[in-house]
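S.K.: Provided herewith is a single structure, encoded as structure tokens, for subsequent inquiry.
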Amino acid sequence: MTVVVKVGGARAVNPAGAVADVAALVDGGEDCVVVHGGSTAVDETLEELGDEPEYVETPSGVVGRFTDERTMEVFEMVLPGKLNTDLTAQLRANGVDALGLSGVDGGLLTGPRKSAVKVVEDGKTKIRRGEHSGKIESVNDDLLESLLADGYTPVVTVPMVADDGTPVNADADRAAAAVAGALDATLIVLTDVPGVLDDPDDPETLIERATTPQELERVESVAEGFMGKKVMAATEALDGGAASVVVADANAENPIRSALDGGG
Amino acid sequence: MTVVVKVGGARAVNPAGAVADVAALVDGGEDCVVVHGGSTAVDETLEELGDEPEYVETPSGVVGRFTDERTMEVFEMVLPGKLNTDLTAQLRANGVDALGLSGVDGGLLTGPRKSAVKVVEDGKTKIRRGEHSGKIESVNDDLLESLLADGYTPVVTVPMVADDGTPVNADADRAAAAVAGALDATLIVLTDVPGVLDDPDDPETLIERATTPQELERVESVAEGFMGKKVMAATEALDGGAASVVVADANAENPIRSALDGGG
Amino acid sequence: MANCPECGAELSLHDDVETGEIIDCGTCGGELEVVATGPVELETAPELEEDWGE
Amino acid sequence: MANCPECGAELSLHDDVETGEIIDCGTCGGELEVVATGPVELETAPELEEDWGE
Ligand SMILES: [Zn+2]
Ligand SMILES: [Zn+2]
């Protein structure tokens with residue numbers, strides 16, 4: 001069974017536990033693919049460069065990044081550049097034969113481009129053009145399987161490459177879901193939120209694991225905001241063929257191994 | 001015969017001709033590996049971030065970049081991040097199944113780290129520590145050969161990964177030389193300088209091609225400065241097993257195909 | 001004033017209408033994009049999924 | 001004043017000697033690194049190739 005591990009880009013998440021766990025799994029003969037994001041680091045670098053990250057609201061109230069050409073450039077610098085290189089090196093230093101790939105490399109993550117978004121500004125609905133994002137519809141699973149067969153641990157990040165050949169922004173949780181679906185893998189989503197709480201104020205009501213779309217329906221009905229995106233990604237992973245999905249606490253001691261053991 | 005094409009990072013070099021040529025070669029069934037640098041773009045981004053690129057002089061008069069931790073971070077952002085992603089996408093848009101890799105990925109380019117340099121400052125020789133560079137001693141040719149066999153065109157850049165696990169700066173010309181040597185390939189170094197001139201003031205004295213270390217000796221004896229680095233890389237490529245080395249004008253119409261045809 | 005490119009109905013527009021703005025046709029319900037102002041030109045708005053990146 | 005860690009010879013140093021500076025021993029020819037000043041401490045300098053990156 002292949003394991004796809006989504007590690008966060010969020011600052012609060014310490015990757016050391018995840019790195020050690022991936023090393024232990026790979027050492028035990030497990031095929032692993034690591035997927036990471038890093039949206040907050042993109043914002044930080046934009047600000048260091050004197051640019052302002054832009055977020056827009058869609059008519060249904062979803063807030064998302066507006067990725068113009070400059071933002072896309074910084075996105076490439078931070079995700080496949082700094083974060084992917086550093087995570088790959090960190091895994092290698094832990095004995096994993098890690099190999100970093102963005103969705104552009106070998107056409108790993110492809111799909112239609114979205115070059116315009118509907119946004120709500122001052123109560124008006126408008127069309128904003130010049131958006132660089134896309135929707136992952138296809139994963140080059142041959143590439144991942146062949147690298148896994150040769151003993152490598154792929155370290156995957158966004159951008160994806162759109163049908164028009166442009167590298168574009170795509171959500172890393174959904175990239176992880178697409179990869180897990182394509183490989184019939186178990187998806188472990190590490191986050192600093194320990195899971196989905198049936199009652200948001202009561203940690204005892206944690207819903208740990210969903211292995212069917214039906215179980216996820218209950219999770220979806222309680223998930224909100226940030227976790228809503230994780231749940232949507234989980235749904236897509238299961239729909240796409242993933243064996244199971246666990247959303248787990250990245251800051252636990254052995255986050256991946258506990259998640260695989262059912263700890264959540 | 002595999003062809004390794006080194007494309008410049010220098011601003012004056014337009015990659016479009018090289019991209020079209022690589023596409024034509026790959027379309028004709030040739031195995032190609034593209035290697036690129038991008039040092040000037042690193043300096044530009046450092047300056048945009050408010051940092052000053054630092055160059056030091058060694059006791060023998062060689063001027064080179066001092067790569068501290070911050071510079072290394074920006075190096076990763078620019079080379080494997082922005083430039084590699086864009087070049088890979090550009091090749092893909094031209095029908096090449098390109099796949100970007102840094103020297104860190106899969107341990108592609110490895111060797112000892114250099115964490116200190118001898119520099120001359122105010123007439124004194126000093127040791128500066130905190131340098132992040134290294135010397136490529138080994139190329140994971142299995143990885144490149146297996147990707148080539150699967151139909152991919154690897155797009156390789158630095159950093160390399162040092163023996164201590166750290167991503168470090170390495171010269172891209174010498175990376176291309178190491179790759180060409182490891183693959184017994186023909187190395188084509190594209191540059192905005194058309195070749196090595198026997199008499200620097202007379203373009204008619206162009207030395208176009210060297211296929212043996214002996215021929216290169218003559219080239220070495222006339223090459224200076226920037227071209228000296230290219231010649232050193234060429235020597236290393238031939239010593240390492242490359243079939244031949246051509247230094248060619250990047251701005252020619254079909255720079256790679258003319259170089260292969262002996263045009264230089 | 002402008003006409004709906006879908007059904008031909010006449011639409012009355014606010015004075016502060018902006019290029020890029022989306023307007024619903026009251027007659028046919030079509031989503032229309034303001035592609036020019038002064039004079040106002042309308043086109044059928046592209047269908048865009050609500051999707052987002054990282 | 002300091003002694004060469006290689007051959008023991010006494011070296012006379014300039015007043016403006018700096019940490020990190022490389023000094024050649026006039027007696028044995030060894031390359032010495034100033035690792036501290038006030039008082040000056042010398043160590044055999046590491047051998048460093050002249051190599052450079054991108
Ligand atoms: Zn209408
Ligand atoms: Zn001595």
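The values are calculated or read from the model by the stated rules, or taken from the named source; none is laboratory data. The model shown is predicted, which means the values in this text are computed figures rather than measured ones. Neighbour counts are summed over all protein chains in view; Cβ atoms, including those assigned to glycine, are modelled from backbone coordinates with ideal geometry. Side chains included, ligands, DNA and RNA excluded: accessible areas come from the protein's heavy atoms. Shrake-Rupley method; radii C 1.70, N 1.55, O 1.52, S 1.80 Å.
S.K.: Answer yes or no: is there a residue in segment A:187-197 that is touching a Lys or Arg at 6+ places or on another chain (Cβ under 8 Å), at pLDDT 95 or above and surrounded by 24 or more Cβ atoms within 10 Å (Cβ to Cβ).
M.R.: Checked segment A:187-197: no residue is touching a Lys or Arg at 6+ places or on another chain (Cβ under 8 Å), at pLDDT 95 or above and surrounded by 24 or more Cβ atoms within 10 Å (Cβ to Cβ).
S.K.: Tell me which of these A:Asp184 doesn't satisfy, since it passes every other one: (1) within 14 Å of chain C (Cβ to nearest Cβ); (2) open to solvent by 10 Å² or more (accessible area, probe 1.4 Å); (3) not hydroxyl-bearing (Ser, Thr, Tyr).
M.R.: It fails just one condition, (1).
S.K.: Just one of (1) open to solvent by less than 80 Å² (accessible area, probe 1.4 Å); (2) within 27 Å of B:Met72 (Cα to Cα); (3) modelled with pLDDT under 90 trips up D:Glu49, so point out which.
M.R.: Against the list (1) open to solvent by less than 80 Å² (accessible area, probe 1.4 Å); (2) within 27 Å of B:Met72 (Cα to Cα); (3) modelled with pLDDT under 90, D:Glu49 comes up short only on (1).
S.K.: Still on this structure, I have one more. Inspect all residues belonging to segment A:100-111 and state whether any of them is open to solvent by 30 Å² or more (accessible area, probe 1.4 Å) and either of a type outside the set (Val, Ile, Thr) or more than 8 Å from every other protein chain (Cβ to nearest Cβ) (or both). So that I can check it myself, show each step before the final result.
M.R.: To start, the set of residues in segment A:100-111 that are open to solvent by 30 Å² or more (accessible area, probe 1.4 Å) comprises A:110.
Within this subset, residues satisfying the condition of being either of a type outside the set (Val, Ile, Thr) or more than 8 Å from every other protein chain (Cβ to nearest Cβ) (or both) are A:110.
Among the residues of segment A:100-111, at least one is open to solvent by 30 Å² or more (accessible area, probe 1.4 Å) and either of a type outside the set (Val, Ile, Thr) or more than 8 Å from every other protein chain (Cβ to nearest Cβ) (or both), which makes the answer yes.
S.K.: Kindly provide the set of residues from segment A:143-160 that are at the interface with another protein chain (Cβ under 8 Å from one of its Cβ atoms) and either open to solvent by 10 Å² or more (accessible area, probe 1.4 Å) or acidic (Asp, Glu) (or both), ordered by number.
M.R.: A:Ser146, A:Asp150, A:Tyr152
S.K.: Looking at segment B:24-82 only, could you name the residues that are within 12 Å of chain A (Cβ to nearest Cβ), in contact (Cβ under 8 Å) with a residue 60 or more places away in the chain and closer than 30 Å to B:Glu145 by Cβ?
M.R.: The answer is B:Gly38, B:Met72, B:Phe75, B:Glu76, B:Leu79, B:Pro80.
S.K.: Counting only residues that are under 9 Å from the mean Cα position of the chain (by Cα) and within 15 Å of ligand 1 (Cβ to nearest atom), which one in segment C:24-40 is nearest to the other protein chains (Cβ to nearest Cβ)? Write out each step before concluding.
M.R.: As a first pass, look at segment C:24-40 and keep what is under 9 Å from the mean Cα position of the chain (by Cα): C:24-25, C:30-35.
From the residues that got through so far, the ones that are within 15 Å of ligand 1 (Cβ to nearest atom) too are C:24-25, C:30-34.
Working: C:Asp24: 9, C:Cys25: 14, C:Gly30: 14, C:Glu31: 9, C:Leu32: 11, C:Glu33: 6, C:Val34: 9 Å.
Filtering segment C:24-40 for residues that are under 9 Å from the mean Cα position of the chain (by Cα) and within 15 Å of ligand 1 (Cβ to nearest atom), the one nearest to the other protein chains (Cβ to nearest Cβ) comes out as C:Glu33.
S.K.: Restricting to segment A:83-99, name every residue that is at the interface with chain B (Cβ under 7 Å from one of its Cβ atoms) and of a type outside the set (D, E, K, R).
M.R.: A:Thr85, A:Thr88, A:Ala89, A:Ala93, A:Leu99
S.K.: Could you please give the count of residues in segment C:4-23 that are within 7 Å of ligand 1 (Cβ to nearest atom) and surrounded by 17 or more Cβ atoms within 10 Å (Cβ to Cβ)?
M.R.: Residues in segment C:4-23 being within 7 Å of ligand 1 (Cβ to nearest atom) and surrounded by 17 or more Cβ atoms within 10 Å (Cβ to Cβ): 1 in total.
S.K.: Looking only at segment B:85-99, count every residue that is open to solvent by 10 Å² or more (accessible area, probe 1.4 Å) and in contact (Cβ under 8 Å) with a residue 12 or more places away in the chain and tell me the total.
M.R.: Of segment B:85-99, the ones open to solvent by 10 Å² or more (accessible area, probe 1.4 Å) are B:86-87, B:90, B:92-95, B:97.
Of the ones still in play, those that are also in contact (Cβ under 8 Å) with a residue 12 or more places away in the chain are B:87, B:90, B:94-95, B:97.
Residues meeting the conditions: 5.
S.K.: Return the residues of segment D:27-39 that are closer than 22 Å to B:Glu121 by Cβ and either open to solvent by 60 Å² or more (accessible area, probe 1.4 Å) or within 10 Å of ligand 2 (Cβ to nearest atom) (or both); say none if nothing qualifies. Steps first, answer last, please.
M.R.: At the first step, the residues of segment D:27-39 found to be closer than 22 Å to B:Glu121 by Cβ are D:30-38.
Within segment D:27-39, D:Gly30, D:Glu31, D:Leu32, D:Thr37, D:Gly38 meet the criteria.
S.K.: Out of segment B:16-51, which residues are outside any helix (DSSP H, G or I) and more than 19 Å from B:Thr88 (Cβ to Cβ)? Let's see the steps before the verdict.
M.R.: The first filter runs over segment B:16-51 and keeps only residues outside any helix (DSSP H, G or I), leaving B:28-38, B:49-51.
Answer for segment B:16-51, where residues must be outside any helix (DSSP H, G or I) and more than 19 Å from B:Thr88 (Cβ to Cβ): B:Gly28, B:Gly29, B:Leu49, B:Gly50, B:Asp51.
S.K.: In addition: Limited to segment A:86-144, what total is found for residues that are β-branched (Val, Ile, Thr) and part of a loop (DSSP other than H, G, I, E, B)? Step through it out loud before you land on a result.
M.R.: Residues of segment A:86-144 β-branched (Val, Ile, Thr): A:88, A:96, A:104, A:110, A:117, A:119-120, A:125, A:127, A:136, A:139.
When the remaining residues are screened for being part of a loop (DSSP other than H, G, I, E, B), the result is A:96, A:104, A:136.
Number satisfying all stated conditions: 3.
S.K.: Out of all the residues in segment B:55-83, which are among the acidic types (Asp, Glu) and modelled with pLDDT under 95? First the steps, then the outcome.
M.R.: So in segment B:55-83, the residues among the acidic types (Asp, Glu) come out as B:57, B:68-69, B:73, B:76.
Passing the criteria: only B:Glu57.
S.K.: Somewhere in segment B:120-140, is a residue facing chain A (nearest Cβ under 10 Å) and either within 30 Å of D:Ile23 (Cα to Cα) or surrounded by fewer than 23 Cβ atoms within 10 Å (Cβ to Cβ) (or both)?
M.R.: Keep residues of segment B:120-140 that are facing chain A (nearest Cβ under 10 Å), which gives B:140.
Pick out the ones that are also either within 30 Å of D:Ile23 (Cα to Cα) or surrounded by fewer than 23 Cβ atoms within 10 Å (Cβ to Cβ) (or both) and you get B:140.
Yes, the conditions are met somewhere in segment B:120-140.
S.K.: Check D:Glu43, D:Glu49, D:Glu21 and return the single one that is within 14 Å of another protein chain (Cβ to nearest Cβ), more than 10 Å from the chain's Cα centre (by Cα) and closer than 24 Å to B:Gly130 by Cβ.
M.R.: Working: D:Glu43 fails: more than 10 Å from the chain's Cα centre (by Cα); D:Glu21 fails: more than 10 Å from the chain's Cα centre (by Cα).
Step by step, each of D:Glu43, D:Glu49, D:Glu21 is checked, and only D:Glu49 is within 14 Å of another protein chain (Cβ to nearest Cβ), more than 10 Å from the chain's Cα centre (by Cα) and closer than 24 Å to B:Gly130 by Cβ.
S.K.: For segment B:161-171, how many residues meet the condition of being assigned to a strand (DSSP E or B), more than 15 Å from the chain's Cα centre (by Cα) and within 7 Å of another protein chain (Cβ to nearest Cβ)?
M.R.: Here is the first cut: in segment B:161-171, the ones assigned to a strand (DSSP E or B) are B:161-162, B:167-169.
Applying the additional criterion that residues be more than 15 Å from the chain's Cα centre (by Cα) yields B:161-162, B:167.
Filter again for within 7 Å of another protein chain (Cβ to nearest Cβ), leaving B:161, B:167.
Number of matching residues: 2.
S.K.: Which ones in segment A:162-172 are out of contact with any Gly (no Cβ under 7 Å at 6 or more places or on another chain) and buried (at least 24 other Cβ atoms within 10 Å of the Cβ)?
M.R.: Correct list: A:Pro167 only.
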